[in-house]
1. Give me a comma-separated list of calculated 3J(HN,Hα) values for the stretch A:368-377, in order, Karplus coefficients 6.51, -1.76, 1.60 applied at θ = phi - 60°, integers in Hz, x for any Gly or Pro.
2. Checking buried surface per residue: for the stretch A:168-199, which residues lose a minimum of 30 Å² accessible area in the protein assembly relative to the chain alone (1.4 Å probe)?
3. Could you give the length gained on full extension between B:Leu24 and B:Phe72, defined as 0.36 nm per residue of separation minus the Cα-Cα distance, in nm?
4. Under the Karplus relation 6.51 cos²θ - 1.76 cosθ + 1.60, θ = phi - 60°, what is the ordered set of whole-Hz ³J(HN,Hα) values for the stretch A:64-79, x standing for Gly and Pro?
5. For the stretch A:307-366, treating each Cα as an identical point scatterer without solvent, what Debye log10 I(q)/I(0) comes out at q = 0.19 1/Å?
6. Please get the size of the charge dipole for the stretch A:223-292, origin at its Cα centre, with Cβ charges of +1 on Lys and Arg and -1 on Asp and Glu, quoted in debye to the nearest 20.
7. Given points 7 Å out from each Cα along the Cα-Cβ axis, report the A:Glu66 to B:Asp122 separation in nanometres with one decimal.
8. Of B:Lys50/B:Lys153; A:Lys173/A:Lys344; A:Lys173/B:Lys19; A:Lys358/B:Lys2; A:Lys33/B:Lys2, which ones are farther than 20 Å apart at the Cα?
Amino acid sequence: MGMRKVAIVGAGITKFVRRAQETGKELSWQASKMALDSCELTLDDVDMVTLGTAPDAFDGVHMKGEYLADGAGAIGKPYMRHYVGGGTGVFSPIHGWFHVASGMADICLVVAEEKMSSCHPHPQGAFLTIFDHTTEQPLKPTLIWIFALEMNRYMSTYGISKADIARVSVKNKRNALDHPSAQIAENITVQDVLDSETLCWPVNRLDISPASDGAAAIVLASERVARRLTDKPVWIDGVGFSLDTAYWGTRDLCYPRYVETAARMAYDMAGIKEPSKEIHIAEPYDPFDYKELHHLEGLMLCPRGEAARLTAEGYTARDGNLPVCPSGGALGVGNPIAATGLMKIIEIFLQLRGEAGKRQVPGTPRCGLAQAWGDLMQVGTVVVMRI
Amino acid sequence: MKLEDFELGGTNLKSSDFKQGTVLTTEWEPDLKYAWDNGVAIGRYLAELKEGRIIARACHSCKRIMLPPRMFCELCFRPTDEWFYVQDTGTVNTFSIARVNWDASRRGPDEPALLPAVIEIDGASKGMGILHMLGEVEPEEIRIGMKVRAVWKKPGERTGAITDILYFKPIAPARHTPPAKASAGAKKKVKTKARSKAGAARGKR
Ligand SMILES: [Zn+2]
């Protein structure tokens, strides 16, 4: 295709917290500076900047991309914001990848920020306006409803129990105990999840990731520059993204076809024929515990309807055949929407380099994947990485 | 690099920091109002709801009967062809028993759970579900696959809105329904017979 190879060479992240003292700009600056420091670059080395951040309604700041530009190191540089809802954070490296793969930039700083705590009484309220204003908003929906509707459909289609699904939450919150950014890392049991407050049956409070503030950043480099900067570049070998219709009631709610479409695009590009064999480690988006299972199936890493059983068997544990969300995921590390996706990219970057500390999975994973999902449950974004 | 080797940013605040004024905040309560035009397809959809009917649009190319109606087919990317009345009955595709309001506040102990559902409307193409509510049913009796029928506001109270349908209720009375509810169900059945004229007008403008 005439495109250049692109590597991740550095990464930065803040703690994920319920309410940060820092502004969005300050969080972005902290993550961006750390990313540059990690690969011994300065802002002068950066050719272009891309920034991902989810709804302006969270921050109450219109044109959030412009507002955050200072913190993202974008002043006086070619700069673009991108936004695909919850899928934003994994779209961020894709957006940066275009800049470097095309030859337009040798070094691109990719930043993702979210500050959800500014929205009161709860950022859930801001989600009302993602529903159709005429045919759905008058029914006063919340996002939790549609997750509950999807989870129920998924459970009913395959005969999966709430306890089967709760195992994902238990696993991820436990994994997060080893992540220095983690907001709600905890050692809990399946029974704790089942006993937690029922919000919208079948969804209980501990089935859900929290609202969070946080930022993350990575540095992308062209092959020539990457090899000069590090002896462990992690290559972005496949990218995929796809959007389904906003008529979400029309979709097959037990299978995320848009994730499959995005995955196929990324797999084709990376030359992956048998994803369940060739992908060694995965960070699918897990804002709700059932979503990890849903996404593993959409990514074709588990057969349809079997992700829950494989989870119960330990297949997705940190020391399992396919470690899934070894970071602790959105359920454990926290969920500052756009920053979460990039946190997942950073986890794969560190795992492939053998630098994930206590979170390091056994063996030497050579190929990993991060995925996010969002908008009105309609977007899939996928990045395949190799060392 | 290891994350553990860096001092990570991000300072967590507690509610007490605000109450005690340890940190200062600036507040703004926006007072924004929007008036959304309903457009051609949804405009007609709402006008028909006001008359107690549900209308869809047909695309002759992919043969879908689309609900909510739309003036163009997003798959064939061509104009849709025809208005098409569908039934006010359908099947529960999935549902939830919600204790949470739109703003994440909780339903009070005396407030009944909200019962949102995706309902596949009879007469529309298979899988064409819409979001609506269930009612006149005990939450534990709801099942995926259950047949339901719209319960409409009284004609004079309808405004041309999705809420002109109050909710959908099970067509066959549930086995344990107390007698009072069962008779209300029977009354509704007579009413819907009269409305099936709308069904007879299927496919006609
Ligand atoms: Zn069509």
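1. Result, ordered by residue: x, 9, 10, 9, 9, 7, x, 6, 7, 6 Hz.
2. A:Pro180, A:Glu197, A:Leu199
3. Between B:Leu24 and B:Phe72, full extension yields an extra 12.2 nm.
4. Taking θ as phi minus 60°, the curve returns 4, x, 5, 4, 7, 3, 4, x, 8, x, 9, 5, x, 10, x, 9 Hz for the stretch A:64-79.
5. -0.71
6. Details: 10 positive and 13 negative charges, 68 e Å.
Dipole size: approximately 320 debye.
7. Taking the simple label geometry, A:Glu66 and B:Asp122 are separated by 5.4 nm.
8. Values: B:Lys50/B:Lys153 9 Å; A:Lys173/A:Lys344 15 Å; A:Lys173/B:Lys19 30 Å; A:Lys358/B:Lys2 10 Å; A:Lys33/B:Lys2 15 Å.
Pairs exceeding the cut-off: A:Lys173/B:Lys19.
The values are calculated or read from the model by the stated rules, or taken from the named source; none is laboratory data. Because the structure is a prediction, the values reported are computed rather than measured. Note that each Cβ is placed from the backbone with ideal geometry, even for glycine, and that neighbours are counted across all protein chains shown. These accessible areas exclude ligands, DNA and RNA; they are computed on the full protein's heavy atoms, side chains included. Shrake-Rupley method; radii C 1.70, N 1.55, O 1.52, S 1.80 Å.
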